[in-house]
Amino acid sequence: MNPYLEVLRPKLNQIDFQKLEAIVNPNVHEFIAKASDLCHPEKIFVCSDSVEDIAHVRQQAVAMCEENAILTIQGHTVHFDGEHDQGRDRQATKYLVPRGISLSKALNQIDRQEGLAEVRGLMKDSMIGRTMIVRFISLGPVDSVFTILGLQCTDSWYVAHSEDLLYRPGYSEFIKAGPKSDFLRVLHSVGKLSEDMVSVEHEKKRIYIDNMDNMIYSVNTQYAGNSVGFKKLAFRLAIRKASYEGWLAEHMLLMGVHGPKGRKTYFAGAFPSACGKTSTAMLPGETILGDDIAYIRDIDSAARAVNVEAGIFGIIQDVNRKDDALIYKVLTSPGEVIFSNVLVKDGKPYWLGMGSDLPNEGLNFSGAWYEGKKDEAGNEIPPAHKNARYAVALKALENCDPELNNPQGVELRGVMYGGRDTKAYVPVQQSFDWEHGIIAYG
């Protein structure tokens, strides 16, 4: 008898119990049981990645008012984060570090025992009256040397829905992996919610990274960069894993550049956030593998890479019909898209820099918005946030590269490094070799 499964049985219906029972890894059951014991959800839903389960997640995201289906184009929904929850929060994000050990001074850190006590205290009973959703994720293509498994427990249907668009399903991989497989763990709760279904205790927002246990804690936040644990948070755990194991986890785009006679050359590109990774990967005539995070390994003496993700959580500001025709088409056509923190008027989303006039009133992250509206500090509230986003699956794009899910990845023939420093660098520089490029330009 599995004691953790038995502890979970009262909060699972028979079908969900059987879903967990099919996974023979006791560490999976232990993690979920301890998450349940800490957060005390009313019930637990296990997403097996079946068509029915995925549809249920989407339906609940709207039914629980975490997403709004007021947009007129079929498949489009909008989500609003709180006014104090519009981006990644560096002050609230910390590494849990054992006493006597320190990391780089550039990284926020807190004593591990102190941090665990704090974040667990904030998460205690945080899911009372709610459903805890269990999601299984594959980071990188399945059945691959690149594959890293991930498990997230959350009380947000919006977060669970976002993961459908952004990642490859992992439930079957957990079943195949056996009893001793390792996996990344994420525990998230939105915390106390307002009537508008946004997290209200922003001063108690905590995003803690536990290197010792491959674990992410996230509480009192909904913004996907803080709550979808497999974005930048799990990326930090992957960097550590890669360093120990001798491969690379990088903040890079992946794209196929097409030349004469059917030639296709794969490049990676490392630019800081909001410096054009997505736009570069979406150049007309080329194909996109990814716009954010890449795993790179030495396979048969070649640098081969995969996109960790299967979707885009992209900044929507300045996306327009002329400069970003492919993604603009997806954002204005029927299909599954989650917009966040845009302006909505008469069932249409609007964002900054979209190339057309914006209404002078509508619905945005501040609620009912009108031109000249000010926040509590007296600052004028923009019609849409500068960090407003869209979430779409890569397969929705006409230029999605056919090698996206290749278990062997693609062979890299070059890495582009870029940034905002237009005064110090000429537009394009070519290195003599890999070593020179990494040291001089990386």
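Count, please, the residues in region 9-37 that happen to be surrounded by fewer than 18 Cβ atoms within 10 Å (Cβ to Cβ), in contact with a helix residue (DSSP H, G or I) (Cβ under 6 Å, 6 or more places away or on another chain) and in contact (Cβ under 8 Å) with a residue 40 or more places away in the chain.
Summing the residues that are surrounded by fewer than 18 Cβ atoms within 10 Å (Cβ to Cβ), in contact with a helix residue (DSSP H, G or I) (Cβ under 6 Å, 6 or more places away or on another chain) and in contact (Cβ under 8 Å) with a residue 40 or more places away in the chain in region 9-37 gives 1.
Looking at region 76-91, which of its residues are surrounded by 15 or more Cβ atoms within 10 Å (Cβ to Cβ) and either aromatic (Phe, Trp, Tyr) or part of a loop (DSSP other than H, G, I, E, B) (or both)?
80, 81, 82, 83, 84, 85, 86, 87, 88, 89
Can you tell me which residues in region 168-221 are over 18 Å from the mean Cα position of the chain (by Cα), among the aliphatic types (A, V, I, L, M) and in a loop (DSSP other than H, G, I, E, B)?
197, 198, 200, listed by residue number.
Residue-wise test of (1) of a type outside the set (Val, Ile, Thr); (2) touching a residue at least 40 places away in the same chain (Cβ under 8 Å); (3) surrounded by 22 or more Cβ atoms within 10 Å (Cβ to Cβ); (4) on the phi > 0 side of the Ramachandran plot.
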| site | (1), (2), (3), (4) |
| --- | --- |
| 150 | yes, yes, yes, no |
| 154 | no, yes, yes, no |
| 185 | yes, yes, yes, no |
| 191 | yes, yes, yes, yes |
| 194 | yes, yes, no, no |
| 202 | yes, yes, no, no |
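Looking at region 130-141, is at least one residue out of contact with any Ser or Thr (no Cβ under 9 Å at 6 or more places or on another chain), in a loop (DSSP other than H, G, I, E, B) and more than 25 Å from residue 77 (Cα to Cα)?
no
Restricting attention to region 334-366, which residues are touching a His at 6+ places or on another chain (Cβ under 8 Å) and in a strand (DSSP E or B)?
337, 338, 339, 340, 349, 364 - these are the residues of region 334-366 that are touching a His at 6+ places or on another chain (Cβ under 8 Å) and in a strand (DSSP E or B).
What number goes with the only condition from (1) within 20 Å of residue 339 (Cα to Cα); (2) buried (at least 16 other Cβ atoms within 10 Å of the Cβ) that residue 360 does not pass?
(2)
Can residue 84 be described as of a type outside the set (A, V, I, L, M) and under 20 Å from the mean Cα position of the chain (by Cα)? Write out each step before concluding.
On the way: of a type outside the set (A, V, I, L, M): yes; under 20 Å from the mean Cα position of the chain (by Cα): yes.
When the stated conditions are applied, residue 84 passes them.
If you take the residues in region 367-417 that are free of Cβ contacts under 8 Å to residues at least 24 places away in the same chain and of a type in the set (Lys, Arg), which one is farthest from residue 83 (Cα to Cα)?
Looking at residues that are free of Cβ contacts under 8 Å to residues at least 24 places away in the same chain and of a type in the set (Lys, Arg), I get 373.
Looking for whichever is over 22 Å from the mean Cα position of the chain (by Cα), more than 28 Å from residue 158 (Cβ to Cβ) and surrounded by 15 or more Cβ atoms within 10 Å (Cβ to Cβ) here; the options are 99, 120, 130, 112. Which one fits?
Values: 99 fails: surrounded by 15 or more Cβ atoms within 10 Å (Cβ to Cβ); 120 fails: more than 28 Å from residue 158 (Cβ to Cβ); 130 fails: more than 28 Å from residue 158 (Cβ to Cβ).
Residue meeting the stated conditions: 112.
What are the pairs, 6+ residues apart or on separate chains, where a residue within region 55-68 that is touching a residue at least 40 places away in the same chain (Cβ under 8 Å) has its Cβ under 7 Å from a residue that is part of a helix (DSSP H, G or I) and of a type in the set (A, V, I, L, M)?
Within 7 Å, the pairs are 57/160; 67/61.
Regarding region 48-56, can at least one residue be identified that is touching an Asp or Glu at 6+ places or on another chain (Cβ under 8 Å) and either crowded, with 17+ Cβ neighbours inside 10 Å or of a type in the set (A, V, I, L, M) (or both)?
The answer is yes, given that some residue of region 48-56 is touching an Asp or Glu at 6+ places or on another chain (Cβ under 8 Å) and either crowded, with 17+ Cβ neighbours inside 10 Å or of a type in the set (A, V, I, L, M) (or both).
I'd like the residue in region 381-436 that is part of a loop (DSSP other than H, G, I, E, B) and small (Gly, Ala, Ser) and, out of all such residues, is farthest from residue 280 (Cα to Cα).
384
Looking at the structure I just gave you, is residue 377 closer than 30 Å to residue 348 by Cα and within 21 Å of the chain's Cα centre (by Cα)?
So residue 377 fails the test.
Go through region 105-126 and report how many residues are in contact with a strand residue (DSSP E or B) (Cβ under 6 Å, 6 or more places away or on another chain) and either in a helix (DSSP H, G or I) or in contact (Cβ under 8 Å) with a residue 40 or more places away in the chain (or both).
7
Taken together, the values in this text are just the output of simple stated rules run on the coordinates, not laboratory data. Everything numeric here is computed off the predicted structure, so don't read it as measured data. All Cβ positions, glycine included, derive from the backbone under ideal geometry; neighbour counts span all protein chains shown.
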